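Participant: Handing you a structure now.
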Amino acid sequence: MARVRQRRRLIRSAGTTFFCLALSLLVIPVGSALAATAKPSDFNGDGHVDVGIGTLATVQQQPFSGLVAVVYGTGTTLNTARRQRIDESLPWVPGTPEQDEAFGAALASADFNSDGYADLAVCAPTQKETAFLFVGSLTILFGTPSGLTRASRVIANCDEVATGDINRDGRPDLAVVGGDQSYVVYGSAGLSNPGGIVLRRFGPTGPDVFARRALVVGDITGDGYADVSFAASVRNGARILLYRGGPSGLNTNLFQQLSTPLTESASAGDINGDGFADLATGNPTATVTGHKAAGQVRVWYGSTNGLRGLTILSQDSAGIPGGPENGDQFGLSVALGDASGDGRADLAIGAPYEDIDANEDAGNVTVVMGGSAGLDFTRVSDIRQSTIGGGDTNEPHDLFGSALVFRDLNGDGRAELMVSSVGENSSQGSVAILTGTPQGVGGITTFPLLRPQSVGIPTTSPVYFGIALTR
């Protein structure tokens, strides 16, 4: 347990948040001919969604250097026999494995060059460079008919990544935040060429603004252009900062700012089906009815004027199962996605330090369904390892709910909910895939329970499998 928290502090010292974003990309034909843009995470262009999972695995005797595990989809399930382990020891991946670099601590996928194969953006928040420690890097792994086989890297303050079409040119773009900087990388046909990754800075800088995190890309203002928001700490508190997308790209003038407690996670999705992306943020260190770090989640609804209509929920709220306790960290992870296929996003909230019976820090996930009036607190699910099937059980320090993401893996119009438990089996970790159903999030049915052994990762040292899931 102490080691899990130590590694979380290592990544968060650079501002990294382990959360996942469920976001649909808006692709609009433009004047110049583009290849059919692949769906996010379809790395080999076969029309099926694949899965990328971040770890803090040891590589070449370098502890916590990190690797990304990829499992390829079949259209109905995942084929664990078709897999990749990608790290900086491979000849086609720039860099060299070093201790504590955390390659794979944040992941996001889109077809950035619109060549018909999805790409994967990978953060190494504490990447070392000559004369600099923990400067960070962004690596983009490019899809091909054989999967991810090419890569380019730039040195960047990279703790979180998220995707969306900010300028509506038909090519997805990439937003990046680190503790000290925020950037946009615009999609282009030449992105994989030498020098093709161009970081364009935006947002406030200087000593009065720090700890950027909780990055989101989504069309909050409903004009067809993806907007970008993130949380940042300032001298007198913390703020949610919103920047608008447009035909010329991201407008670097701040559009809206909102006061907020310390925010660790965020996700965007249309909860009420009105055509505007809504924003959910997790505040896991919030005190609730005297319980320190019990945690809260804040939800704002999108509009032409930006974010509005704040709703605050916790385990003390009506309709939410359980009750607040010290250190539950409700909201350490959040995700929005449409599990039922009704056109409205549902909200999943992780509380990985929740005690289940006598099992300390076993963890649980709460799902609140979306509806035409917003979150529907009459349709709430309490999910834990003992209820999802697949032979898993509640155990101490599993940290079920460490990371969350919604993604439709079988193409039926209902998003599956992926849930990681980074403390499973003495910090080896696991990822459960809960099937989307007409009633909402179901259990483990057609998708395998993924573990390090599923992708051939040695377990002689802690792996923290699922420290990040691909947005």
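The values are calculated or read from the model by the stated rules, or taken from the named source; none is laboratory data. Source: prediction; values computed, not measured. We place every Cβ from the backbone using ideal geometry, glycine too, and count neighbours over all the protein chains shown. Only protein heavy atoms, including side chains, enter the accessible area calculation; ligands, DNA and RNA are left aside. Shrake-Rupley method; radii C 1.70, N 1.55, O 1.52, S 1.80 Å.
Participant: How much of the accessible area of region 318-374, in percent, comes from carbon and sulfur atoms when a 1.4 Å probe is used? Provide the component values of the computation, followed by the final result.
Facilitator: Values: 610 of 1540 Å².
Ligands and nucleic acids excluded, carbon and sulfur give 40 percent.
Participant: Continuing with the same structure: Could you check how many percent of all C-alpha pairs in region 131-268 are farther apart than 20 Å?
Facilitator: Details: 4414 of 9453 pairs.
Everything past 20 Å amounts to 47 percent.
Participant: Looking only at region 53-97, which residues have a backbone nitrogen under 19 Å from a spot 7 Å from the Cα of THR144 in the C-beta direction?
Facilitator: Output list for this probe position: 68-73, 82-95.
Participant: Now, a different point. Full extension from THR76 to SER248: what is 0.36 nm times the residue separation minus their Cα-Cα distance, to one decimal in nm? Kindly include the intermediate steps, with their values, before the conclusion.
Facilitator: Details: separation 172, 0.36 × 172 = 61.92 nm, distance 3.92 nm.
Net length gain for the segment: 58.0 nm.
Participant: Any idea what the alpha-carbon Rg over 2.2 N^0.38 Å comes to for region 282-358? Present the calculation step by step, with values, prior to reporting the outcome.
Facilitator: Numbers: Rg = 13.7 Å, N = 77, 2.2 N^0.38 = 11.5 Å.
Normalised by 2.2 N^0.38 Å, the Cα Rg of region 282-358 equals 1.19.
Participant: Still on this model: No solvent, one uniform scatterer per C-alpha: report log10 I(q)/I(0) for region 44-120 via the Debye equation at q = 0.15, 0.22, 0.25 1/Å, two decimals.
Facilitator: Log10 I(q)/I(0), no solvent term: -0.57, -1.02, -1.15.
Participant: Roughly how many percent of the accessible protein surface of region 382-468 is carbon and sulfur, given a 1.4 Å probe and a whole-percent answer? Before the final figure, lay out each step's value.
Facilitator: Details: 1280 of 2610 Å².
The nonpolar share, carbon plus sulfur, comes to 49 percent.
Participant: Accessible area of region 127-235 with a 1.4 Å probe: how many percent of it is carbon plus sulfur?
Facilitator: Numbers: 1900 of 3680 Å².
Looking at region 127-235 in its full context, I get 52 percent from C and S.
Participant: Compute the label zone of SER303 within region 224-248: residues whose backbone N is under 17 Å from the point 7 Å along Cα-to-Cβ.
Facilitator: Label zone hits: 242.
Participant: Okay, moving on. Using the heavy atoms of the protein chains and a 1.4 angstrom probe, tell me the accessible area per residue for the chain in square angstrom. The partial results should precede the final answer.
Facilitator: Values: 15800 Å² over 471 residues.
Per-residue value: 34 Å².
Participant: Then there's this: Please compute the modelled spin-label separation between ARG201 and ASP382, points set 7 Å along Cα→Cβ, answer in nm with one decimal.
Facilitator: 4.9
Participant: For the chain, take the alpha-carbon Rg, divide it by the Kirkwood Rh, and send me Rg/Rh.
Facilitator: Checking Rg against Rh, the ratio lands at 0.93.
Participant: Going by average Cβ neighbours within 10 Å, how do the peptides 60-66, 263-269 rank, with the highest at the top?
Facilitator: On the way: 60-66: 20.4, 263-269: 27.9.
Result, highest mean Cβ count within 10 Å first: 263-269, 60-66.
Participant: For the peptides 150-159, 172-181, what is the packing order when you average, over each peptide's residues, the other Cβ atoms within 10 Å and list the highest mean first? Mind showing how you got there, number by number?
Facilitator: Details: 150-159: 21.5, 172-181: 24.9.
Order by mean packing, descending: 172-181, 150-159.
Participant: I've got another one for you. Rounded to the nearest 500, what is the 222 nm mean residue ellipticity of the chain from helices alone, with -39500 (n - 2.57) per DSSP H run of 4+ residues and division by all residues? Intermediate results must be reported in sequence, preceding the final value.
Facilitator: Details: 2 runs with 15 residues, N = 471.
It comes out at -1000 deg cm²/dmol, rounded to the nearest 500.
Participant: Treat every Asp and Glu Cβ in the chain as -1 and every Lys and Arg Cβ as +1, leave all other atoms uncharged, and give the resulting dipole magnitude about the Cα centre to the nearest 20 debye. Before the final figure, lay out each step's value.
Facilitator: Details: 32 positive and 46 negative charges, 190 e Å.
Roughly 920 debye for the chain.
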